[in-house]
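The values are calculated or read from the model by the stated rules, or taken from the named source; none is laboratory data. Note that the structure is predicted; figures quoted are calculated from it, not measured. Every residue, glycine among them, receives a Cβ derived from its backbone with ideal geometry; neighbour counts consider all protein chains shown. Note: areas computed on protein heavy atoms with side chains; ligands, DNA, RNA excluded. Shrake-Rupley method; radii C 1.70, N 1.55, O 1.52, S 1.80 Å.
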Amino acid sequence: MAHAVKELFPEVKLAIGPSIADGFYYDFDCDTSITQDDLPRIEKKMKEIIKSKKLFERRELSKAEAIKLFEGRGETYKVELISELENDTVTVYWEGDFVDLCRGPHLEKTNNVKAFKLLSVAGAYWRGNEKNKMLQRIYGTAFPTKDELKKHLDFLEEVKKRDHRRLGKELDLFSLKEEKGSAHELRQPIPPPIRREIENFWLDEHHKAGYQILYTPHMAKLDLWKKTGHLDFYKENMYSPMEVEGQDYEIKPMNCPFHVSIFKSHLRSYRDLPLRYAELGTVYRYERSGVLHGLLRVRGFTQDDAHIFCSEDQINDEVLRVLDFTLFILQTFGFENYDIYLSTRPEKFVGTDDGWTKATDALDKALKVKGLTYEEDPGEGVFYGPKIDIKVRDSLGRQWQCSTIQVDFNIPERLDINYRGADSREHRPIMIHRALMGSLERFFGVLIEHYAGAFPLWLAPVQISILPIAERHAEYCRNLKDTLLKEGIRVEIDEDNEKIGYKIRRATVSKTPYMCIIGDKEISGNTVNIRKRDGENTGEMTIDGLLSFLQNEISNRR
Ligand code: ZN
């Protein structure tokens, strides 16, 4: 691709072009703007290069030779990259009169490329830094066979259809104004009825699982964040402090310190443990405008956060409980497949060897007891403790990081938290941070794509739509609506002066789970006729029958 672009746009300078998860990209510095419309002619040129059956020839050069080679070709980005390399020699690959810096290995010749497609064009700063020049990035993908390529392109088409930003607009779920290079305007990222369902479910289940529900402040004195160490290791994600009566306050990027201060508000004994605090805590983190992405990356979001304070010998049980709980929550939202990672001690860490071993063993043991397969990520733990990350697979098989369970040796030490043991001595509790959905906003974005906007009944913003066939049926419909509302059903009535076929189509497009069509027959029999969004008719039922039918499905959360 780089060779083709270079032929079509001779003034272009090559930056970098790595392979990525399901394809590749290349960044170009080019005065002419390369657009989506240019992709077919770049592809055509690529096909010519492929047909020419040129060899990819590997050469080893000294650093000085390589710099001279790329300087001579005006490739200033390559020169910059080579200058920073620590090796004495570098490798380049020649293909005809095209040459690129590359570690290799490479295909033998250009006609080894069997199926490829260029996908999109985007802007990207050199080295991802917004102070550098904006380059032009072309994304593409390649496969060993045409069939595999087609399968992948179909998948991408489905991904595009399910994009939560697109569905959010089509289904009127939230309002998002995306402007290039500036912050997004995002109002009510989760529709209030859905948010209430998720929150109530979460709060009820946490209560049942023995958590105390907390509501903590959104601001704290800057000193607190100094004590916790956030000002040292988390500063770039925190907003500037705000001065109130001569004191600096900081809007919270995390909930943990508040939960600790509630732990510390009483003398604690071993009999109090484990203490489980849970909060739907809204936190604020500074994210650069370039990385904001719909609901997936936002600046203010609600974590389904909890902290468990326990003794060392309770850690096994607690981790096991959290793991069970996590899977129950994820399964309720229709996620049945996961990838689980256990991250162990990194090079830099706080805490003792013994503590790390015990905590890592506890996480490991809990996973084994549950019979869960997982991968170990050696050295990928946070400096303050080991962790389990659970990534869910959505209905398209895509991976999303949601749940995390982390042991923390840092905060208990820094904030000096203690409990009195059975031996009447002071002990340091173990602290576990855990979030199951992660961020509610992001989780909702994932749910939209997972369900393709067709939410199960308990989560649907409108659960049933009543469609009167003619105006004379409207009053019966209004009474029915009141009856359903009183029973907690989210119901709408479509009284527009339109043909019933049109109304059915409209309700189908909005993915409302059920429609209830009312005409003379239903009114005279005091019944309703229910139609599912997939077109299936459930037949006639009484109004009581309808209510228990809906309530049963809602309480099953299916
Ligand atoms: Zn925490």
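Given the options Gly17, Gly96, name the one that is under 30 Å from Leu156 (Cβ atoms), at pLDDT below 95 and either open to solvent by less than 60 Å² (accessible area, probe 1.4 Å) or touching a Phe, Trp or Tyr at 6+ places or on another chain (Cβ under 7 Å) (or both). Write out each step before concluding.
Details: Gly96 fails: under 30 Å from Leu156 (Cβ atoms).
Of Gly17, Gly96, the one residue that is under 30 Å from Leu156 (Cβ atoms), at pLDDT below 95 and either open to solvent by less than 60 Å² (accessible area, probe 1.4 Å) or touching a Phe, Trp or Tyr at 6+ places or on another chain (Cβ under 7 Å) (or both) is Gly17.
Of all residues assigned to the range 471-483, none qualifies as being within 32 Å of the chain's Cα centre (by Cα) and either assigned by TED's automatic domain parsing to the domain that holds Trp202 or more than 16 Å from the ligand (Cβ to nearest atom) (or both).
Listed conditions (1) surrounded by fewer than 18 Cβ atoms within 10 Å (Cβ to Cβ); (2) touching a residue at least 40 places away in the same chain (Cβ under 8 Å) are all met by Asp313, apart from (2). Suppose the filter is more than 30 Å from Glu449 (Cα to Cα), surrounded by 14 or more Cβ atoms within 10 Å (Cβ to Cβ) and basic (Lys, Arg); does Lys391 pass it? Criteria not met by Lys391.
Listed by first and then second residue, the pairs with beta-carbon distance under 8 Å, at least 6 apart or on different chains, first residue in the range 51-75 and outside the structural domain of Cys30 (by TED's automatic domain parsing), second of a type outside the set (Lys, Arg) and open to solvent by less than 90 Å² (accessible area, probe 1.4 Å), form an empty list. Selection of strands (runs of 3 or more DSSP E) fully inside the range 306-420 by the criterion of at least 2 residues being within 14 Å of Leu436 (Cα to Cα) and within 16 Å of the ligand (Cβ to nearest atom) returns 387-393, 399-408.
Could you tell me which of the residues Arg297, Arg285, Arg268, Arg196 is within 28 Å of the chain's Cα centre (by Cα) and farther than 25 Å from Gln401 by Cβ? Working first, answer last.
Working: Arg297 fails: farther than 25 Å from Gln401 by Cβ; Arg285 fails: farther than 25 Å from Gln401 by Cβ; Arg268 fails: within 28 Å of the chain's Cα centre (by Cα).
Only one candidate passes the filter, namely Arg196.
Of everything in the range 255-304, what is without any contact (Cβ under 8 Å) to a residue 60 or more places away in the chain, away from the ligand (no atom under 16 Å from the Cβ) and not in a strand (DSSP E or B)? Give them in sequence order. Answer for the range 255-304, where residues must be without any contact (Cβ under 8 Å) to a residue 60 or more places away in the chain, away from the ligand (no atom under 16 Å from the Cβ) and not in a strand (DSSP E or B): Ser265, His266, Arg271, Tyr286, Glu287, Val291. Just one of (1) open to solvent by 50 Å² or more (accessible area, probe 1.4 Å); (2) closer than 25 Å to Thr35 by Cα; (3) of a type in the set (Ser, Thr, Tyr) fails for Thr89. It is (2).
Taking each residue of the range 346-370 that is within 29 Å of Phe328 (Cα to Cα) and looking for partners that are of a type in the set (Asp, Glu) and crowded, with 19+ Cβ neighbours inside 10 Å with beta-carbon atoms closer than 8 Å, six or more apart or interchain, yields nothing. Across the range 414-428, not a single residue is classified as surrounded by 16 or more Cβ atoms within 10 Å (Cβ to Cβ) and more than 30 Å from Arg271 (Cβ to Cβ).
The combined condition, being farther than 22 Å from His307 by Cα, surrounded by fewer than 14 Cβ atoms within 10 Å (Cβ to Cβ) and not aromatic (Phe, Trp, Tyr), is fulfilled by Glu347.
For the range 470-488, does any single residue satisfy the condition of being surrounded by 17 or more Cβ atoms within 10 Å (Cβ to Cβ) and not in a helix (DSSP H, G or I)? So far as the range 470-488 goes, no, none of its residues is surrounded by 17 or more Cβ atoms within 10 Å (Cβ to Cβ) and not in a helix (DSSP H, G or I). For residues that are in contact with a helix residue (DSSP H, G or I) (Cβ under 6 Å, 6 or more places away or on another chain) and outside any strand (DSSP E or B), scanning just the range 230-252, find the one that is nearest to the ligand (Cβ to nearest atom). So, considering only residues that are in contact with a helix residue (DSSP H, G or I) (Cβ under 6 Å, 6 or more places away or on another chain) and outside any strand (DSSP E or B), the one nearest to the ligand (Cβ to nearest atom) is Leu231. Candidates in the range 394-413 are the residues that are more than 20 Å from Tyr341 (Cα to Cα) and outside the structural domain of Trp225 (by TED's automatic domain parsing); of these, the one that is surrounded by the fewest Cβ atoms within 10 Å (Cβ to Cβ) is Leu396.
Anything in the range 421-457 that is in contact with a Pro (Cβ under 7 Å, 6 or more places away or on another chain), within 16 Å of the ligand (Cβ to nearest atom) and within 17 Å of Gln331 (Cβ to Cβ)? List them, or say none. Passing the criteria: none in range.
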